[in-house]
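Every number in this text was worked out from the coordinates using simple rules, so none of it is lab data. None of the values given here were measured: they were computed from a predicted structure. Cβ placement follows ideal geometry from the backbone for every residue including glycine, while neighbour counts extend to all protein chains displayed.
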Amino acid sequence: MKLFLKHKQINFSNLLALLTLSISINASAQQLADCSGIPAADVPATLDCLDANYEILDKDLNQTYKQLMSTLPEDQKKSLREEQRKWIKKKSSCKNKDETPRGYAAQRYCEVDETQKRLLILKKIGK
């Protein structure tokens with residue numbers, strides 16, 4: 001099956017490979033699950049894996065953001081808050097009109113990827 005993700009046509013198996021590569025390069029403080037070993041036909045297991053990884057990353061991102069906000073001067077807090085709002089809007093572009101389980105998996109992959117990227121940015125700011 002082919003999916004459309006950000007105007008690119010990709011194979012569902014390649015989606016899992018991209019997710020694994022992204023996770024291995026940008027691992028969170030907590031261990032994320034390796035979703036690459038799940039057969040492409042097992043969409044429920046893929047969704048479970050993606051959802052679990054998203055929850056870990058989202059929690060880490062929120063903690064990192066709150067920690068940054070508690071240490072920055074007021075002018076930098078305002079700037080970071082504006083950047084975060086822009087990022088939230090960008091992440092909402094992951095919304096997939098395909099309401100099938102595969103469509104949801106593509107959406108969740110996009111959300112995992114965007115959250116990982118934002119987390120890395122926030123952690124760099126905090127250094």
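A few points about this structure:
- Counting every other Cβ atom within 10 Å of each residue's Cβ, Leu50, Leu61 order from fewest to most as Leu61, Leu50.
- Virtual spin-label span in nm between Ala33 and Lys86, 7 Å along Cα→Cβ: 3.4
- Among Cys35, Cys110, a tally of other beta-carbon atoms within 10 Å of each Cβ gives an order, fewest to most, of Cys110, Cys35.
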